[in-house]
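Written below as structure tokens is the structure these notes are about.
The values are calculated or read from the model by the stated rules, or taken from the named source; none is laboratory data. What you see is a predicted model; the values in this text were computed from it and never measured. Positions of Cβ are generated from backbone atoms using ideal geometry, with glycine treated the same way; all protein chains shown enter the neighbour counts. Calculation scope for accessible area: heavy atoms of the full protein, side chains included, ligands and nucleic acids excluded. Shrake-Rupley method; radii C 1.70, N 1.55, O 1.52, S 1.80 Å.
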Amino acid sequence: MNAVVAAARGCIGVRFRLHGRCRDHGFDCVGLVAHACHAAGCGAAVPSGYGLRSGDPARVAAAIAAAGLVPAPAPRRPGDVMLFASGPGQLHLAIASEAGIIHADAALRCVVERPGAPPWPLIAAWRLPEQE
């Protein structure tokens, strides 16, 4: 199994918390992706100080590139980090899985694996270089 997916699946059920960065206190989408990528051997400084509706795709892309991920062409593979436009001015990160996506769901208040196609427009996707 892909190491990013395995780490993310290990967090299913962990509570949602804006700016959350650990299993004990909770994750937001950024924290979950950082945790899963770090567990797979990749990582860098994780952004903080953002609001739920402060979407800047260029800032997200720069942070992801700084973490060492590379652009992921379609088709999506398990472990790909996906950036979505989930609402007006709102961005959302998720991890592709065999079944759908794993993400920190603010509405459900926890990390979940959502089956099927994601409901939001995809902006960009990245993967660890060794998965290329």
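Figures for the structure shown
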{"read-out": "Candidate set from the range 87-113 (those that are assigned to a strand (DSSP E or B) and over 13 Å from the mean Cα position of the chain (by Cα)); member that is nearest to residue 58 (Cα to Cα)", "value": "90"}
{"read-out": "Residue list for the range 81-104, restricted to those being farther than 14 Å from residue 116 by Cα and without any contact (Cβ under 8 Å) to a residue 60 or more places away in the chain", "value": "82, 83, 84, 85, 86, 87, 88, 89, 90, 91"}
{"read-out": "Among the residues listed as 6, 61, 40, 36, the single one being crowded, with 16+ Cβ neighbours inside 10 Å and modelled with pLDDT of 90 or more", "value": "36"}
{"read-out": "Residue tally, condition modelled with pLDDT under 70 and at negative phi, over the range 47-58", "value": "7"}
{"read-out": "Filter result for residue 89 (of a type in the set (Gly, Ala, Ser), over 23 Å from residue 26 (Cα atoms) and either at pLDDT below 95 or surrounded by 22 or more Cβ atoms within 10 Å (Cβ to Cβ) (or both))", "value": "yes"}
{"read-out": "Filtered residue count, the range 99-132, keeping only those that are open to solvent by less than 20 Å² (accessible area, probe 1.4 Å) and of a type in the set (A, V, I, L, M)", "value": "6"}
